[in-house]
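Undergrad: What follows is a structure written as structure tokens; I'll ask about it next.
Every number in this text was worked out from the coordinates using simple rules, so none of it is lab data. Computed from a predicted structure; not experimentally measured. Using ideal geometry, Cβ is built from the backbone for each residue, glycine included, and neighbour counts are taken over all protein chains shown.
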Amino acid sequence: MAIYKFTVVKGHQVASGRANDPRFPLGTVGAQLPFFQALGLDLNGYYLATINAQFNCHAIVLNFYDHYFKQVKWHENMPAENFKFCRCHILVNSTSYPALIYQPQLDTKLEHFQPINQLELLAPFIDNLHYGDVISLDISKAKVTLFDVYP
């Protein structure tokens, strides 16, 4: 296992529904939830929003995943997308939260792109988490690679 520090940053807010995009009144994760459930991934207990985790490197790459769903048609007005999920933990102070890296695949995603040094994480609700907080990802070292880590 490896522990990587990251900074919580503001994302596009479509996953949570806070972007007020009329296409996704419950957020994209809320809309996708039943489709992932039908494919065997139970997201009950996870907060229906993502934590945007920015790492102090040029890029972070997901090498291995626990679930890969292809051509998920989760919205009538959006094309089908591919998604990868990878189990991990988020460490906040001395508490470990079960989490998933949530990664819509770039080859099927049309909008709301993330910087290449950032991951989206699904986790239970974590109280008192704020933009700018530095917390940690606990994950098998083989599952991710950080390129050009900055001091």
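Undergrad: Mind counting lysine pairs for me in the chain? Cα separation below 15 Å, and the two need to be 8 or more apart along the chain or on different chains.
TA: So the count of such lysine pairs works out to 7.
Undergrad: Here is a further query. Only helical DSSP H runs with n ≥ 4 go in: add -39500 (n - 2.57) per run for the chain, normalise by residue count and round the 222 nm mean residue ellipticity to 500 deg cm²/dmol.
TA: -2000 deg cm²/dmol
Undergrad: Let me know the charge dipole size of the chain about its Cα centre in debye, to the nearest 20, where only the beta-carbon of Lys, Arg (+1) and Asp, Glu (-1) is charged.
TA: 140 debye
Undergrad: Between ALA99 and residues 5 or more places away or on another chain, which pairs have amide H atoms under 5 Å apart, with H built 1.01 Å from N, and which residues are they?
TA: CYS88, HIS89, ILE90
Undergrad: Over its Cα atoms, what ratio of radius of gyration to 2.2 N^0.38 Å does the chain give?
TA: 1.00
Undergrad: Which of the trypsin sites (Lys or Arg not before Pro) across the range 1-55 are loop residues per DSSP, with 13 or fewer other Cβ within 10 Å?
TA: Within the range 1-55, the qualifying trypsin sites (Lys or Arg not before Pro) (loop, at most 13 other Cβ atoms within 10 Å) are LYS10, ARG18, ARG23.
Undergrad: Using 0.36 nm per residue of separation minus the Cα-Cα distance, give me the extension gain between PHE64 and GLN105 in nm, one decimal.
TA: That pair, PHE64 and GLN105, stretches by 13.4 nm at full extension.
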